[in-house]
Amino acid sequence: MKKIGLIGGITWQSTQLYYQLLNEGVAKALGEKHSCKCLIESVDFADISAKQEKGQWDLLNQEFAKMAMQLEDAGAEVLLICANTMHLCADAIKEEVSIPLLHIAEACGEEIKNKGCKKVLLLGTKYTMELDFYKDILKEQYGIEVLIPSNEDRELVHKVIYSELALGIVSEHSKIKYLEIIKKSESEGVEAVILGCTEIPLLIHQGDCDIPVIDTTAIHVDAALKFAISAINQV
């Protein structure tokens, strides 16, 4: 199989999910003794989040492109950014490497299309919800209408991610608040909810909701496994 390069630590809580799901997926596909060939370049989340807050996206583009190049130099054959928000750096990375970067929003769009949904709620950091980099891919490439919560609800969703989930804190109170936000969106015709932050699956699961839950972490991993393992079938 191809060696997968992971840019992680954004946060390590979700990166450990990537590592677990990748290895479980390889074992299921190839046999229980098999595990994933991967490399991890892990960042200091305190530094990354501080730069996000200051809007220093040019610096982040440079740093993430450098990490991608290091992973390619170390033998990675495909790249994953283990976070939704940091796909803001995807174009900068693609300019500097020759190996594929599997974009999480494209994997998400394929899953939503397969489910036949046309109108979705996007939950994530304030950057993912409010900036266009994610919504534009879903709209322009897949014809999906994307709704985001109200200002007040966006602040709550963002705060829970950074002050709780990023630290491994899973609060029943926060779960209830998230589910209330999802429920409100259903009255606006939303057909599915995107867990557009790779930490949110620590809090919300399909069994919690009446509409389809789009778990971007699991979907991103599945796309990576299909890409990496397809190399075996082509030999």
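The values are calculated or read from the model by the stated rules, or taken from the named source; none is laboratory data. Because the structure is predicted, anything quoted here is derived from the model rather than measured. Every residue, glycine among them, receives a Cβ derived from its backbone with ideal geometry; neighbour counts consider all protein chains shown.
Okay, here's what the table says:
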{"item": "Residue selected from region 68-93 under the condition of a type outside the set (Gly, Ala, Ser) and touching a Ser or Thr at 6+ places or on another chain (Cβ under 9 Å), by the criterion surrounded by the most Cβ atoms within 10 Å (Cβ to Cβ)", "result": "84"}
{"item": "Residues of region 171-189 that turn out to be aliphatic (A, V, I, L, M) and exposed (fewer than 14 other Cβ atoms within 10 Å of the Cβ), as a count", "result": "1"}
{"item": "Output for region 99-117, where each listed residue is over 14 Å from residue 220 (Cα atoms) and either surrounded by 15 or more Cβ atoms within 10 Å (Cβ to Cβ) or small (Gly, Ala, Ser) (or both)", "result": "99, 113, 116, 117"}
{"item": "Boolean, residue 195 is under 24 Å from residue 82 (Cα atoms), outside the structural domain of residue 86 (by TED's automatic domain parsing), touching a Pro at 6+ places or on another chain (Cβ under 6 Å) and surrounded by 21 or more Cβ atoms within 10 Å (Cβ to Cβ)", "result": "yes"}
{"item": "Residue 22 buried (at least 17 other Cβ atoms within 10 Å of the Cβ), assigned to a helix (DSSP H, G or I) and in the same structural domain as residue 227 (by TED's automatic domain parsing)", "result": "yes"}
{"item": "Conditions (1) modelled with pLDDT under 95; (2) in a helix (DSSP H, G or I); (3) hydrophobic (A, V, I, L, M, F, W, C); number of the one not met by residue 36", "result": "(2)"}
{"item": "Check on residue 109, assigned by TED's automatic domain parsing to the domain that holds residue 211 and over 13 Å from the mean Cα position of the chain (by Cα)", "result": "no"}
{"item": "Which numbered condition residue 162 fails, given (1) surrounded by 18 or more Cβ atoms within 10 Å (Cβ to Cβ); (2) within 19 Å of residue 219 (Cα to Cα)", "result": "(2)"}
{"item": "Near pairs, Cβ below 8 angstrom, 6+ apart or cross-chain, from region 46-73 (in a loop (DSSP other than H, G, I, E, B)) to any residue that is hydroxyl-bearing (Ser, Thr, Tyr)", "result": "none"}
{"item": "All positions within region 26-61 that are within 16 Å of residue 223 (Cβ to Cβ) and either surrounded by fewer than 20 Cβ atoms within 10 Å (Cβ to Cβ) or assigned by TED's automatic domain parsing to the domain that holds residue 163 (or both)", "result": "28, 29"}
{"item": "Number of the exception - residue 222 against (1) in a helix (DSSP H, G or I); (2) assigned by TED's automatic domain parsing to the domain that holds residue 135", "result": "(2)"}
{"item": "Enumeration of residues in region 31-72 that are more than 18 Å from residue 2 (Cβ to Cβ), β-branched (Val, Ile, Thr) and touching a strand residue (DSSP E or B) at 6+ places or on another chain (Cβ under 9 Å)", "result": "43"}
{"item": "Checking residue 99 against (1) within 20 Å of residue 228 (Cβ to Cβ); (2) not in a helix (DSSP H, G or I); (3) not assigned by TED's automatic domain parsing to the domain that holds residue 64, the condition it does not meet", "result": "(3)"}
{"item": "Residue count, region 84-119 (criterion: out of contact with any helix residue (DSSP H, G or I) (no Cβ under 6 Å at 6 or more places or on another chain) and closer than 22 Å to residue 157 by Cα)", "result": "3"}
{"item": "Extreme residue, modelled with the lowest pLDDT, among residues of region 204-234 that are closer than 30 Å to residue 75 by Cβ and of a type in the set (S, T, N, Q)", "result": "234"}
